[in-house]
1. In debye, nearest 20: dipole of the protein assembly as shown around its Cα centre with unit charges on the Cβ of K, R (+) and D, E (-)?
2. Going by average Cβ density within 10 Å per residue, which order do the peptides A:118-125, A:99-106 take, highest to lowest?
3. Percent relative contact order of chain A, based on C-alpha pairs within less than 8 angstrom and at least six residues apart?
4. State in Å² the accessible area per residue of the stretch A:1-48; use a 1.4 Å probe, count heavy atoms of protein chains only, and round to the nearest integer.
5. What does the stretch D:1-48 give for Rg and for Dmax, in Å, if only its C-alpha atoms count?
6. Across the residues of D:168-181, average count of Cβ atoms on other protein chains within 10 Å?
7. When the Cα centres of the stretch C:88-133 and the stretch D:143-159 are compared, how far apart do they sit, in Å?
8. Expressed as a whole number of Å, what is the distance separating the alpha-carbon centroids of the stretch C:1-40 and the stretch D:1-62?
4 protein chains.
Amino acid sequence: MRTRSGQKEQNIWQAAVREFARHGYHQAKISRIAEGAGVATGSVYLYFKNKKQLLEKILADVWQNLAQEMEALVTRKDLNAVEKLEGMVDLVIDMFTDNPSLAIVVVNEHSQTRIAQPYYERFLALGRQVLEEGIATGLLNPHLQVDVTSQFIFGGVRHLIHLWAQSPRQYPLNKIRREVKLLLKRGILTEVQ
Amino acid sequence: MRTRSGQKEQNIWQAAVREFARHGYHQAKISRIAEGAGVATGSVYLYFKNKKQLLEKILADVWQNLAQEMEALVTRKDLNAVEKLEGMVDLVIDMFTDNPSLAIVVVNEHSQTRIAQPYYERFLALGRQVLEEGIATGLLNPHLQVDVTSQFIFGGVRHLIHLWAQSPRQYPLNKIRREVKLLLKRGILTEVQ
Amino acid sequence: MRTRSGQKEQNIWQAAVREFARHGYHQAKISRIAEGAGVATGSVYLYFKNKKQLLEKILADVWQNLAQEMEALVTRKDLNAVEKLEGMVDLVIDMFTDNPSLAIVVVNEHSQTRIAQPYYERFLALGRQVLEEGIATGLLNPHLQVDVTSQFIFGGVRHLIHLWAQSPRQYPLNKIRREVKLLLKRGILTEVQ
Amino acid sequence: MRTRSGQKEQNIWQAAVREFARHGYHQAKISRIAEGAGVATGSVYLYFKNKKQLLEKILADVWQNLAQEMEALVTRKDLNAVEKLEGMVDLVIDMFTDNPSLAIVVVNEHSQTRIAQPYYERFLALGRQVLEEGIATGLLNPHLQVDVTSQFIFGGVRHLIHLWAQSPRQYPLNKIRREVKLLLKRGILTEVQ
DNA sequence: TATGAATGAGTATTCATTCAT
DNA sequence: TATGAATGAATACTCATTCAT
């Protein structure tokens with residue numbers, strides 16, 4: 001008996017990411033995913049219930065991963081809120097650094113992330129939490145609306161990562177990383193008045 | 001009396017926006033758009049070449065409109081760069097205020113916008129131009145990377161508008177409007193140093 | 001605009017009967033039915049919701065037809081119960097005389113006839129009714145269990161028609177017709193004792 | 001202790017009968033049969049060439065069994081033709097008495113029985129033989145067409161057994177048994193002329 | 001023998017687009 | 001212009017069968 005292989009599941013996962021990135025969810029073909037993974041079409045269904053669930057698994061994995069690392073970051077005692085926020089930006093950017101296809105999938109198919117997606121919610125909640133912590137400790141502007149602010153930052157970073165995934169030369173990650181941190185902290189105005 | 005055909009085209013355009021917003025481009029059905037517009041299925045093809053072009057027309061119209069108003073704003077002599085930036089935020093928000101469906105379509109189907117979309121490019125270029133103007137006049141931080149900065153702001157606003165379109169109560173436009181302007185100018189840090 | 005044609009629906013109905021008879025419901029292909037009807041595959045779905053409903057329509061039509069003619073027969077005043085029973089046998093046999101394929105479908109796919117099929121139930125009920133009438137008028141053996149008897153006759157006739165449809169030479173309808181009537185009335189024993 | 005493999009084959013045979021009865025041949029799944037038999041999917045193929053052959057084996061077993069018992073019955077010297085016919089009815093009914101699933105399979109999948117099925121043919125031939133014997137000995141009506149008559153009886157009994165298998169309460173075997181014998185011998189007319 | 005993971009052929013159904021009227 | 005019936009390409013998913021272990 002051939003034993004069920006975690007490697008095979010990984011191959012399918014990866015091939016699906018590439019296929020979803022290149023063609024989008026609706027134009028993606030299971031047969032092409034299978035081919036990309038080096039398995040037969042039917043084998044995809046041994047590891048994933050159907051096409052939809054395959055996408056959901058990918059998105060869930062990403063958000064779970066991010067939420068987990070965020071959790072660790074947020075609970076650190078040796079960093080203040082601003083440093084944690086910078087760490088969060090780094091986390092998100094690092095997650096996609098060596099998998100541009102994954103970045104494209106996450107951004108483009110984000111609306112498939114059912115709001116119920118608990119890991120995504122957790123991720124957002126941790127962002128708000130750090131903002132609140134910053135306000136409480138006097139580091140951040142107390143007039144900030146934490147929900148709007150966190151979503152604004154999230155949207156901006158998401159968009160930049162998408163641009164990078166499509167044109168890594170034009171939007172290198174380091175430039176993005178630096179610029180986002182600068183904007184976050186100081187805004188766009190001249191520093192000294 | 002037969003209605004003028006310009007009216008019929010408008011009806012189809014509007015019905016398509018609603019259909020694309022509700023079901024997304026790939027799940028949208030031409031037959032449902034026709035029904036929503038009160039015309040026969042085949043009639044859609046008298047006004048639009050095909051489904052893809054119908055979406056492209058909608059997106060192009062939006063960007064053309066925005067680019068045009070931006071053009072007028074940017075060339076005003078009575079405003080400085082910061083005031084123009086704030087005006088741009090208002091423009092974008094106002095454009096969608098009374099058509100949440102349109103906001104959803106623009107945000108969700110944005111990746112369908114071939115980069116070639118000239119009006120979209122024009123829109124982005126004007127944003128960069130104002131940033132450069134601000135730097136040149138000493139109002140804005142000279143270390144800003146205008147391309148990254150403008151895209152970051154665009155991404156953030158886009159995301160917030162999407163949230164509003166889905167939960168107008170939770171993310172009211174006025175709150176968004178105020179918060180974005182604040183963040184742009186001052187960042188998140190405590191104002192006094 | 002091309003107008004929806006009753007003729008086309010008939011062609012599909014007929015082609016489906018042939019296909020179901022030749023290959024059985026589960027092996028029947030919609031594409032072959034369409035080809036047989038001289039229409040495109042998709043057109044089948046303009047007239048019938050799906051494959052299952054196509055079969056159900058055929059069976060319902062047959063039973064409705066039979067039930068209707070049975071109704072007329074049973075209510076005749078000029079025939080006694082035995083003559084009506086003979087008429088029923090004739091009805092069933094005549095229904096299939098010029099459509100052996102239809103006979104095969106009805107017999108083979110009979111289990112698809114959901115018991116709820118009201119026309120089939122009506123058909124059976126009329127059979128029982130005539131038996132009861134015959135008993136009441138003293139023509140038929142009062143010890144008959146009408147439900148078992150009617151089902152027995154129905155099963156026997158059904159089986160013979162199936163044999164005829166597959167080997168018309170070996171089981172000619174006239175022979176079947178004569179023999180069934182004889183058996184019904186007299187049983188198999190020698191007539192005089 | 002490993003169970004004897006004959007036992008395993010029997011388990012599969014039985015599980016297949018249940019599966020075919022419940023879902024019909026085409027909807028039956030080998031995997032479900034295997035599960036029902038407590039073996040792995042692949043093991044089914046150690047005992048049976050394929051799905052089709054599994055059904056054929058079941059049907060062949062039934063007919064072989066019946067043919068064999070019929071053979072013994074027909075050659076008895078102590079019974080006349082009518083008694084033998086009654087015995088045949090009993091045989092068929094007894095065969096299914098404690099296995100309604102088997103009855104359903106035999107009835108529903110009967111058309112899968114290629115006419116070539118030798119045991120089935122033998123079964124029919126023995127029926128015809130008894131009828132002829134009855135005619136020769138003056139017990140049965142000499143005008144009977146033995147082939148049509150035997151098939152009529154077979155069809156009627158088959159149908160009644162099917163009804164019993166689905167609704168044992170409504171069509172109890174004893175009632176069926178009694179009624180069929182009565183009808184065979186006397187027909188439906190009032191006994192006295 | 002026994003397993004159950006792997007294979008891949010096969011098909012109903014949808015719907016954008018066309019076209020006869 | 002306007003209609004909506006007709007077209008037919010395109011594809012996710014199932015499951016009988018095989019085969020590596």
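1. 840
2. Numbers: A:118-125: 17.2, A:99-106: 21.8.
Those peptides, ordered most packed to least, come out A:99-106, A:118-125.
3. Values: 146 pairs, mean separation 40.3, N = 193.
Worked out over chain A, it gives 21 percent.
4. Details: 2930 Å² over 48 residues.
With all protein chains present, the stretch A:1-48 gives 61 Å² per residue.
5. Spelled out, the Cα radius of gyration and Dmax of the stretch D:1-48 are 10.4, 36 Å.
6. Values: counts 0, 0, 2, 4, 1, 0, 0, 3, 4, 1, 3, 9, 3, 1.
The shielding value for this peptide is 2.
7. The distance from the Cα centre of the stretch C:88-133 to that of the stretch D:143-159 comes to 18 Å.
8. First find each Cα centre; the distance between them is then 36 Å.
The values are calculated or read from the model by the stated rules, or taken from the named source; none is laboratory data. Treat the numbers as computed from the prediction; the structure is a model and nothing was measured. Cβ atoms come from the backbone with ideal geometry, glycine included; neighbour counts cover every protein chain shown. SASA here: full protein model, heavy atoms, side chains in, ligands and nucleic acids out. Shrake-Rupley method; radii C 1.70, N 1.55, O 1.52, S 1.80 Å.
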